[in-house]
Amino acid sequence: MKDISVMFMDMTASKLIALLVIGAVGGLLSGFIGSGGAFVMTPAMMSLGVPGAVAVASNMCHKFPKAMVGAYKRWKYGQADIKLGLVMATTAVIGVQIGIKIQKYILNQFGGAGSNLYISAVFMVVLVFVGGYVFFDAWKLARGGGKETVSKLALRMQKIQLAPMMHFKTAKVTISAWITIPVGLLTGMLAATIAVGGF
């Protein structure tokens, strides 16, 4: 039988305090920008000695109730598109299962070090991509005098008329399922890989 004790960390008072601080910072970031908690929490937990796979799984555990509360609040304000949410949730669940299988394969083949390297590498790629995109978006917004516009990428995606088409009433968008479903799958896979996916 496989020894699972390596998947846990020795809890000391200092590590407990560090985890509480990490959780507070992650919660603050999540509250401000709707995402970001895992960007802090997963690497911070790994730096405390938590195996990468455990850090990711732990972050995923607290995301669900938090997401449900956030979704309910947004729904009360009329900002949640239930149909879009259900489509994304369904496809994301499938994506999570794929991501878990990949993570499990890497863990079995290359051990904890390989798993940690995989998670760290994906983190780096995602952070560079997202950071670059946000910077470019902010720069474009500043040049446009602060007027927010729909991105060219979003407009291109909406122009793809490939059946079946899906209409989302609250979001006021009609888009091909061939766009929506892969986005959900990738979101789920990303969540299972680094516990980030909502952005």
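Taking segment 78-196 as the region of interest, the helices (runs of 4 or more DSSP H) fully inside it that hold 2 or more residues being in contact with a Lys or Arg (Cβ under 9 Å, 6 or more places away or on another chain) and more than 26 Å from G26 (Cα to Cα) are 82-143. Within the span defined as segment 71-80, every residue fails to be surrounded by 12 or more Cβ atoms within 10 Å (Cβ to Cβ) and either in contact with a strand residue (DSSP E or B) (Cβ under 6 Å, 6 or more places away or on another chain) or modelled with pLDDT of 85 or more (or both). Within segment 153-174, residues that are under 23 Å from Q79 (Cβ atoms) reach no partner that is surrounded by 10 or more Cβ atoms within 10 Å (Cβ to Cβ) and among the aromatic types (F, W, Y) with beta carbons closer than 6 Å at six or more positions or on different chains. If only residues of segment 148-172 that are exposed (fewer than 11 other Cβ atoms within 10 Å of the Cβ) and of a type in the set (S, T, N, Q) are counted, the one that is farthest from L107 (Cα to Cα) is T149. The set of residues in segment 48-96 that are under 30 Å from S14 (Cα atoms) and of a type in the set (D, E, K, R) comprises K63, K66. Using the structure shown, decide if I175 is more than 23 Å from A38 (Cβ to Cβ) and surrounded by 21 or more Cβ atoms within 10 Å (Cβ to Cβ). So I175 passes the test. Just one of the numbered conditions (1) under 14 Å from the mean Cα position of the chain (by Cα); (2) at pLDDT below 80; (3) not hydroxyl-bearing (S, T, Y) is not true of K2: (1).
The values are calculated or read from the model by the stated rules, or taken from the named source; none is laboratory data. Quick caveat, the model's predicted, so the values are computed rather than measured. Counting neighbours? That spans all protein chains shown, and the Cβs are built from the backbone with ideal geometry, glycine included.
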